[in-house]
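Enquirer: Before I ask anything, here is the structure I am working with.
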Amino acid sequence: MITFPNAKINLGLHIVEKRPDGFHNIETCFYPVNWCDIIEINESKKTTFRSTGIAIPGNSNDNLCLKAFKLLQKDYQLPNVEIHLHKNIPIGAGLGGGSADAAFVIKAIAQKYDLIFENDLLKFYASQIGSDCAFFIDNQPSIAFEKGDVLSPIDLDLKGKYLVLVYPEIHIDTKTAYSGVNPRKPEQSIEQIVTNSPINEWKNFLVNDFEKGIFQKFPELEKIKSRLYDSGAMYAAMSGSGSTIFGIFDEEVDLKNSLPKNYRIWSEYLGHA
């Protein structure tokens, strides 16, 4: 079985308050994009995991794909499998690639062995892997609350727009990202902004609270955001707590000659309006 886990971007991100358990409550809008990894799952004599493509730091036995499979194997009688991940979504980039991989393993195994048909149960397993993992079960635009694991679908359609993601080969870990934030309750909710305001007005209201601290540590990220606006973006921002900067455009734009050659640039036309 082969599956294609996709990335997400964050349209705004408010860090609302610190929780008693040490995590933070947030408010954000997850939006799926088609920058994808590839996962192949086959039955095998023993359960193994291997990866190709972008190098994944750490011990392969700790990979979220393997954790997701073993989580299901604990509750269901499953044969051993080999999981092959070809990593294409950058790591530490705010795109949710690791969470997507785990969620798609859960969905693929559930489908392959006719285990689970209710998305709420799939989300239950996914939420045990990571805070934003459950989003990739329904994989539709959603407002996320609390740790990012309480989801409310939203009627938001960016069809007809052109999306550009720029990853400058900078890995930002979660600890670094949160070290520069001051939790606060926003005056206006992200859902109100993205549903009631035209996209070209989002830049006045729709903010990612991580940007201020991370831009101070990595000023080149702020320069990328400015470059996107200079190139005609209706809205540009950092995605999540990572280093990817994205821009939403009315028409196709080519940034390859205006950004350093080592940057990864991904673009997508979001279908017909």
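Values quoted throughout were computed directly from the atomic coordinates according to the rules given, and no laboratory measurement underlies them. Predicted model only: the values in this text are computed from it and were never measured. Here Cβ is always computed from backbone atoms with ideal geometry, including for glycine, and neighbour counts include all displayed protein chains.
Enquirer: For segment 1-85, build the charge dipole from Cβ charges (+1 Lys, Arg; -1 Asp, Glu) around the Cα centre, then report which of 78, 11, 65 sits farthest towards its positive end.
Expert: Value computed over the given set: 78.
Enquirer: Then there's this: On a 22 Å Cα-Cα criterion, which of the cross-link pairs 123/175; 67/107; 185/225; 8/147 come out too long?
Expert: Those over the limit are 123/175; 185/225.
Enquirer: Between Rg and the Kirkwood Rh of segment 2-153, both from Cα atoms, what is the Rg to Rh ratio?
Expert: Ratio of gyration radius to Kirkwood radius for segment 2-153: 0.96.
Enquirer: Identify which of 210, 117, 218 has the largest mean-square fluctuation in a Gaussian network model of the chain, with springs joining Cα atoms closer than 10 Å.
Expert: Among 210, 117, 218, the largest GNM mean-square fluctuation belongs to 117.
Enquirer: Next question, about the same structure. Which of rounded, prolate or oblate describes segment 162-269 when judged by the alpha-carbon gyration tensor and an a/c cut-off of 1.5?
Expert: Judged from the Cα gyration tensor, segment 162-269 comes out oblate (a/c at least 1.5, b/c at or above a/b).
Enquirer: Got the relative contact order for segment 179-273 handy, in percent, Cα pairs under 8 Å and 6 or more residues apart?
Expert: The value is 21 percent.
Enquirer: Let me ask something else. Using a cut-off of under 17 Å, list every residue of segment 187-220 whose amide N is near the label point 7 Å from the Cα of residue 179 along the Cα-to-beta-carbon line.
Expert: Of the residues in segment 187-220, 210-220 have backbone N under 17 Å from the label point off residue 179.
Enquirer: While we're on this one: For segment 71-98 and segment 178-235, what is the centre-to-centre distance using only Cα atoms, to the nearest Å?
Expert: Rounded to whole Å, the Cα centres lie 31 Å apart.
Enquirer: Could I ask something else about it? Would you mind estimating how fast segment 191-238 diffuses translationally, via Stokes-Einstein at 4 °C and 1.567 mPa s with the Kirkwood radius over Cα pairs, in µm²/s?
Expert: Stokes-Einstein gives a translational diffusion coefficient of 113 µm²/s.
Enquirer: Could you work out the relative contact order of segment 1-158? I mean the mean sequence separation of Cα pairs under 8 Å and 6+ apart, divided by the number of residues, in percent.
Expert: 27
Enquirer: Continuing with this model, one more query. Using the number of other C-beta atoms within 10 angstrom as an exposure proxy, rank 265, 193, 248 with the fewest first.
Expert: 265, 193, 248
Enquirer: Determine ³J(HN,Hα), in whole Hz, for all residues of segment 144-155 in sequence, where each value follows from phi through the Karplus function 6.51 cos²θ - 1.76 cosθ + 1.60 and θ = phi - 60°; x replaces Gly and Pro.
Expert: With the stated coefficients, segment 144-155 comes to 10, 10, 6, 7, x, 9, 9, 10, 10, x, 10, 7 Hz.
Enquirer: Rank the residues 175, 67 as a footprinting-exposure proxy: fewest other Cβ atoms within 10 Å of their Cβ go first.
Expert: 175, 67
Enquirer: Separate question: Hey, what do the phi angles of segment 105-118 turn into as Karplus ³J(HN,Hα) couplings, whole Hz, using 6.51/-1.76/1.60 and θ = phi - 60°, x for Gly and Pro?
Expert: Along segment 105-118, the couplings run 5, 4, 5, 5, 5, 4, 6, 4, 10, 6, 8, 9, 10, 9 Hz.
Enquirer: Across 10 Å bins from the origin, how do the percents of Cα pairs in the chain run, short distances first?
Expert: For the chain, the binned pair fractions read 7, 30, 35, 22, 7, 0 percent.
Enquirer: Please give, to one decimal in nm, the separation of the simple spin-label points placed at residue 223 and residue 111, each 7 Å out from Cα toward the Cβ.
Expert: 4.3
Enquirer: Relative contact order for the chain using alpha-carbon pairs under 8 Å, separation at least 6, rounded to a whole percent?
Expert: 23
Enquirer: Please find, in a Gaussian network model of the chain (springs between Cα atoms separated by less than 10 Å), the residue of 93, 134, 55 whose mean-square fluctuation is greatest.
Expert: 55
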